[in-house]
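Let me begin by presenting the structure, written as structure tokens, before commenting on it.
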Amino acid sequence: MRRVLSLLALLAVGICGLGTSEPSFAAESPAVASANDTATLVTDRDAVGPDQKLRVGLRLQLKPGWHTYWVNPGDAGDTPTLDVTAQGNATGKTSTIHWPMPVRLSEGGLMSYAYVGDVLLPVDLALQGTGPTTLHAHAEWLVCAEVCIPESGDFTLSLPAAEGAAPAGAQAGLFQAVDAKMPIPSPFKAEVSADGLLTLEGKGLSSAAVSDAWFLPAEGGMIDQIASQPFKVKDERLSLQLKFLKTAHRDHPLQGLVVLKDEAGQESPIEISASQMVAGAATSTTLPAHVSADAIPTGAGWLRVLAFAFVGGLILNLMPCVFPVLAMKALSLARMGGVGRSVHLQSAFFYTLGVTGAFAALGIVMIGLRIAGSAAGWGFQFQSAGFVVGVCWLLFGMALNLLGVFEISAGRLAQLHPHGAGHAGDMLTGLLAVIVATPCTAPFMGVAIAGALGGPPLMGLLVFLSMGLGLAAPYVLVASVPGLASRMPKPGAWMGVLKQALAFPLLATCVWLLWVATIERGTNFVVVAGGGLVLLGFAAWIYGMGQHRAMREGGRGTVLFCRVVAVLCMVVCGGVLARSLAEPVSAASTTMTSADNLIQPFSDKTLADLRADGKPVFVDMTASWCITCMVNERVALDTASVRQAFSERHVAYLKGDWTNRDAGISAYLKEHGRDGVPLYVYYPPKHGAEVVLPQILTPGMVLDIIGH
């Protein structure tokens, strides 16, 4: 065994010496570069011979401080992927990466298995045919430093034909260097006991040959990866004490790498497969081709995320965007004053069903868009002017209904007014509560949404359902507690006045939504939205006229005529809106100003330039449809004391407007673990560490953070 280890050491030293020379780039694709790394596709030969085996690799030249991941990322991270297809006279396909030995990175109580510096992830491509070929490859990888950024690239590399077997090419040295870090099949018998004692037995294992050793599991969820691994070697027997997780699957062998380190500091990785047997443990010579290890919270971590989701939904009841619908629900409670408890419970059940159903639908859409590669975040639907105007028109119709312009009978499925009997009204009220709640972000929701969109789809759906339960909880509490429900005032003539009064919060919301649509599509778009309000108002009026005529005099013909006219008005509204949305966006009013002209539009370059100069920077990620953002701006940011402090301390104010989709802002939010706005980040002067502020601001909080 000592000879094997010595041979490995000499081979690694010799190859590392070869790798120090600067290679040429004859068989290297055009680069895919970012601020964090440079990625290329390389081959070990500059040409291809008949039916030749070709080595292809994803080369990642990582900037200092950045890393990517091994087949098992560890407690956090994601596994890189590489798919290579050869097209032309010589064809072939492969996606099986051969993983070199990673390094261990321990930070914040978590263990990661990663690669740093100049990384090569090779695959073997068996070609069939004779003649030139073109390689097409798609790769995805995650790079992390203080933040993690998913990256991907498409690569193309053309290789000419060789007369015979093509010799080693200009990049062969890269593959030779990575071979020195490749694990070898273990020559030792391996077994692991039920309490986690991993033992290797065989000739060459001694304290003189091995000064240290550690185990890297091929998949997550087996051992506590951050726990220490006490090491002993004696009499051709090496042992490592591992700590099994309670949730570990014990029905298959423990696979991974044991890294042996000699006195000279040379590290030699060997593959092991250890069964839980006292004797006769089988030894495997290969690792799995691919092991998926999702970077998700543990069981306790998911309970924390679900709790945050519930609390966030609970606090969402206090957000101004939800007030109009909750006011309507208050009217429904008032109407039920004096009725039996069973009526209260049924109303609460169907309201909760509407809320959770809407949250589930929203979660499915957002998770589906994320799986498809879209950077959809919380409130993403309000980035569509069509959706904004549609909600505006819906709330306007509800306001007219509350004002008595028309009535919708309580027994119909399409019931909208909350004072009518029937469960459809409760469900639709819950649905509307979720629709108008999405522009607001409550505390704790950022962590919950990030966990929902970053974890498995099923857990993500549970997070959204938990958020819905939090939003519905206050109404359920009032409806289910006998002492509270019995104190509700009994119905009377006063309810007609209250019903009409509640129309005005809805109309105020319509004004806000019109402003959002104008920001998104330009000032000319207000003509479309406002004209639609007029047509809808006419439709509601003529529909109500038909209803009143039918109640007074009967006459089905008149009622039918009024309904047809009302439907035609709504069809015209929809057609005009669709046509307007198909036209190019006019000059949108997204200019950001302030009394002191301190605000600048956000961009990565502007932020980087200001930080390079050592200037203090305040980043405000906002959107016109985000009520929480607008309240923070009016209450905390756009105040005389804060503006004066910014001016005196020369704080650069960068505002990122996410009203419309913006890839740069989406990326910045994702870097900070957010899937929606608001986000406030302060960068102190002289390159100080960034500080993320809470989602609800006060002037004193802002002044304290900038040290005024």
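Of the residues V71, V143, which single one is more than 15 Å from T38 (Cα to Cα) and assigned to a strand (DSSP E or B)?
Numbers: V143 fails: more than 15 Å from T38 (Cα to Cα).
When all the criteria are applied, what remains is V71.
Conditions: (1) among the charged types (D, E, K, R); (2) closer than 15 Å to P160 by Cα; (3) in contact with a His (Cβ under 9 Å, 6 or more places away or on another chain). D51 meets all but one. Number of the miss?
It is condition (3) that D51 fails.
Any residue at all in region 2-22 that's in the same structural domain as G173 (by TED's automatic domain parsing), modelled with pLDDT of 85 or more and hydroxyl-bearing (S, T, Y)?
Within region 2-22 (the criterion being in the same structural domain as G173 (by TED's automatic domain parsing), modelled with pLDDT of 85 or more and hydroxyl-bearing (S, T, Y)), the answer is no, since none of the residues qualifies.
Hey, could you check region 75-95 for residues that are of a type outside the set (A, V, I, L, M, F, W, C) and part of a loop (DSSP other than H, G, I, E, B) and say which is surrounded by the most Cβ atoms within 10 Å (Cβ to Cβ)?
Taking region 75-95 first, the residues of a type outside the set (A, V, I, L, M, F, W, C) are 75, 77-81, 83, 85, 87-89, 91-95.
With part of a loop (DSSP other than H, G, I, E, B) added as a condition, the list becomes 75, 77-80, 89, 95.
On the way: D75: 21, G77: 25, D78: 19, T79: 21, P80: 23, N89: 16, S95: 14.
Per the stated criteria, the residue is G77.
Considering only region 326-363, how many residues are of a type in the set (A, V, I, L, M), at pLDDT 65 or above and in contact with a helix residue (DSSP H, G or I) (Cβ under 7 Å, 6 or more places away or on another chain)?
Kept after step one, since they are of a type in the set (A, V, I, L, M), are these residues of region 326-363: 326-328, 330-331, 333-334, 336, 339, 343, 345, 348, 353, 355, 358, 360-362.
Imposing the further condition that a residue be at pLDDT 65 or above reduces the set to 343, 345, 348, 353, 355, 358, 360-362.
Those left that are additionally in contact with a helix residue (DSSP H, G or I) (Cβ under 7 Å, 6 or more places away or on another chain): 345, 348, 353, 355, 358, 360, 362.
The number of residues fulfilling the criteria is 7.
Do you know which residues across region 350-361 are touching a residue at least 24 places away in the same chain (Cβ under 8 Å) and surrounded by fewer than 21 Cβ atoms within 10 Å (Cβ to Cβ)? Before the answer, list the steps.
Step one: filter region 350-361 for residues touching a residue at least 24 places away in the same chain (Cβ under 8 Å), giving 350-360.
The answer is F350, L353, G357, A360.
How many residues, within region 671-693, are within 13 Å of V619 (Cα to Cα) and either charged (D, E, K, R) or part of a loop (DSSP other than H, G, I, E, B) (or both)? Talk me through it step by step, then tell me what you get.
So the first thing to find is which residues in region 671-693 are within 13 Å of V619 (Cα to Cα), and the list is 672, 677-684, 690-693.
Checking which are either charged (D, E, K, R) or part of a loop (DSSP other than H, G, I, E, B) (or both) leaves us with 672, 677-678, 684, 690, 693.
Final tally of qualifying residues: 6.
Looking at region 667-685, is at least one residue in contact with a His (Cβ under 8 Å, 6 or more places away or on another chain), farther than 30 Å from W512 by Cα and buried (at least 19 other Cβ atoms within 10 Å of the Cβ)?
Taking region 667-685 as the starting set, the residues that turn out to be in contact with a His (Cβ under 8 Å, 6 or more places away or on another chain) are 679, 681.
When the remaining residues are screened for being farther than 30 Å from W512 by Cα, the result is none.
Within region 667-685, not a single residue is in contact with a His (Cβ under 8 Å, 6 or more places away or on another chain), farther than 30 Å from W512 by Cα and buried (at least 19 other Cβ atoms within 10 Å of the Cβ).
Taking the residues in region 598-617 that are under 12 Å from H650 (Cα atoms) and touching a helix residue (DSSP H, G or I) at 6+ places or on another chain (Cβ under 7 Å) as candidates, determine which candidate is modelled with the lowest pLDDT.
Among them, the one singled out is L598.
Taking the conditions exactly as written (more than 20 Å from E107 (Cα to Cα) and either of a type in the set (A, V, I, L, M) or modelled with pLDDT of 90 or more (or both)), does L242 satisfy them or not? Don't jump to the end; show me each part of the working.
Details: more than 20 Å from E107 (Cα to Cα): no; either of a type in the set (A, V, I, L, M) or modelled with pLDDT of 90 or more (or both): yes.
Considered against the rule, which asks whether it is more than 20 Å from E107 (Cα to Cα) and either of a type in the set (A, V, I, L, M) or modelled with pLDDT of 90 or more (or both), L242 comes out as no.
Taking A437 as the residue in question, decide whether it is surrounded by 23 or more Cβ atoms within 10 Å (Cβ to Cβ), touching a helix residue (DSSP H, G or I) at 6+ places or on another chain (Cβ under 8 Å) and modelled with pLDDT under 55. Explain how you work it out, then say what you get.
Numbers: surrounded by 23 or more Cβ atoms within 10 Å (Cβ to Cβ): yes; touching a helix residue (DSSP H, G or I) at 6+ places or on another chain (Cβ under 8 Å): yes; modelled with pLDDT under 55: no.
No: the conditions fail for A437.
Which of the residues that make up region 121-148 are surrounded by 17 or more Cβ atoms within 10 Å (Cβ to Cβ) and closer than 13 Å to T96 by Cα?
The answer is L121, P122, V123, L125, A137, A139.
Considering region 68-78 alone, what residues qualify as being at pLDDT below 90 and not aliphatic (A, V, I, L, M)? First the steps, then the outcome.
Going residue by residue through region 68-78, those that are at pLDDT below 90 are 73-78.
Matches in region 68-78: P73, G74, D75, G77, D78.
Given L498, L535, L471, which one is assigned by TED's automatic domain parsing to the domain that holds A358 and at pLDDT 80 or above?
Values: L498 fails: at pLDDT 80 or above; L535 fails: assigned by TED's automatic domain parsing to the domain that holds A358.
Testing whether each residue is assigned by TED's automatic domain parsing to the domain that holds A358 and at pLDDT 80 or above leaves just L471.
Tally up the residues in region 201-218 that are under 25 Å from A114 (Cα atoms) and surrounded by 18 or more Cβ atoms within 10 Å (Cβ to Cβ), please. Talk me through it step by step, then tell me what you get.
Of the residues in region 201-218, the ones under 25 Å from A114 (Cα atoms) are 210-218.
Now drop any that are not surrounded by 18 or more Cβ atoms within 10 Å (Cβ to Cβ), which leaves 210, 213, 215-218.
Number of matching residues: 6.
The values are calculated or read from the model by the stated rules, or taken from the named source; none is laboratory data. Computed from a prediction, not measured in an experiment: that's the story for all the values here. Methodologically, a virtual Cβ is constructed for each residue, glycine included, from the backbone with ideal geometry; neighbour enumeration extends over all protein chains shown.
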